[in-house]
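*Asks:* This is the structure I want to talk about, given as structure tokens.
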Amino acid sequence: MRKIALCLALFLSACGSSEVDDASAIIKQTLKKPESFTLKTGDVIWQGKLRGKQTAFIVKVKYTAMNGFNDVIDECKYVSFYTEDGSNHWQENGGLENCIAAGGKEEENALVMLRKINSFN
């Protein structure tokens, strides 16, 4: 029984990790010093479809990194992207947005806005 519980826990902890890794890679593309990126937390907050077939994601990523002035920044971003033919695609307008600090209803509204901007169903 313990083995089953352990296997189940390991399986569940792995869910969503590739999407968080993909979102982190997108953020790194925008950084002056991508090697300084350190993931704090990452959560898939929405998964659906883009105009039919492509799987789309919105991932909330909290991280630290260094900016061009060697100052440490502590950021939170919503990363919106979709997968097609084994690669990830995102657009600069709406693909990366700052997180809503208030949470709750405000974050729900931000999620609706991000889905609309990115044409996610």
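*Asks:* Looking at (1) under 19 Å from Gln29 (Cβ atoms); (2) buried (at least 17 other Cβ atoms within 10 Å of the Cβ), can you tell me which one Ile100 breaks?
*Replies:* (1)
*Asks:* Taking into account only those residues within the range 71-83 that are at pLDDT 95 or above and over 20 Å from Ile100 (Cα atoms), which is nearest to the chain's Cα centre (by Cα)?
*Replies:* Residues of the range 71-83 that are at pLDDT 95 or above, as a first pass: 71-81.
Keeping just the survivors that are over 20 Å from Ile100 (Cα atoms) gives 71-72.
Numbers: Asp71: 23, Val72: 20 Å.
Within the range 71-83, the match that is nearest to the chain's Cα centre (by Cα) is Val72.
*Asks:* How many residues are more than 17 Å from Ile27 (Cβ to Cβ), touching a residue at least 60 places away in the same chain (Cβ under 8 Å) and surrounded by 11 or more Cβ atoms within 10 Å (Cβ to Cβ) when one looks only at the range 108-121?
*Replies:* Total meeting the criteria: 4.
*Asks:* Of all the strands (runs of 3 or more DSSP E) wholly in the range 20-105, which have at least 1 residues that are hydrophobic (A, V, I, L, M, F, W, C) and closer than 18 Å to Ile117 by Cβ? Can you show your working first?
*Replies:* Numbers: elements: 33-50, 54-66, 72-84, 87-89, 96-98.
Because the criterion is at least 1 residues that are hydrophobic (A, V, I, L, M, F, W, C) and closer than 18 Å to Ile117 by Cβ, the strands (runs of 3 or more DSSP E) in the range 20-105 that meet it are 33-50, 54-66, 72-84, 96-98.
*Asks:* Same structure, new question: Can you go through Val61, Val20 and tell me which one is of a type in the set (A, V, I, L, M, F, W, C), over 15 Å from His89 (Cα atoms) and modelled with pLDDT of 95 or more? Break it down stepwise before answering.
*Replies:* On the way: Val20 fails: over 15 Å from His89 (Cα atoms).
Within the list Val61, Val20, the selection yields Val61.
*Asks:* Still on this structure, please answer the following. Could you please find all residues in the range 39-91 being acidic (Asp, Glu) and exposed (fewer than 15 other Cβ atoms within 10 Å of the Cβ)?
*Replies:* Taking the range 39-91 and keeping what is acidic (Asp, Glu), we get 43, 71, 74-75, 84-85.
Correct list: Asp43, Asp71, Asp74, Glu84, Asp85.
*Asks:* Has the range 22-34 got any residue that is closer than 19 Å to Leu111 by Cα, of a type in the set (S, T, N, Q) and within 10 Å of the chain's Cα centre (by Cα)?
*Replies:* Yes, the range 22-34 contains a residue that is closer than 19 Å to Leu111 by Cα, of a type in the set (S, T, N, Q) and within 10 Å of the chain's Cα centre (by Cα).
*Asks:* Quick check on Lys33: is it surrounded by 12 or more Cβ atoms within 10 Å (Cβ to Cβ), under 25 Å from Phe120 (Cβ atoms), of a type in the set (D, E, K, R) and touching a residue at least 24 places away in the same chain (Cβ under 8 Å)?
*Replies:* Values: surrounded by 12 or more Cβ atoms within 10 Å (Cβ to Cβ): yes; under 25 Å from Phe120 (Cβ atoms): no; of a type in the set (D, E, K, R): yes; touching a residue at least 24 places away in the same chain (Cβ under 8 Å): yes.
For Lys33, the condition - surrounded by 12 or more Cβ atoms within 10 Å (Cβ to Cβ), under 25 Å from Phe120 (Cβ atoms), of a type in the set (D, E, K, R) and touching a residue at least 24 places away in the same chain (Cβ under 8 Å) - is not met.
*Asks:* Out of curiosity, is Asp85 farther than 19 Å from Ala25 by Cα and either of a type in the set (D, E, K, R) or touching a residue at least 40 places away in the same chain (Cβ under 8 Å) (or both)?
*Replies:* no
The values are calculated or read from the model by the stated rules, or taken from the named source; none is laboratory data. Remember, it's a predicted structure, so these values are computed and weren't measured experimentally. We place every Cβ from the backbone using ideal geometry, glycine too, and count neighbours over all the protein chains shown.
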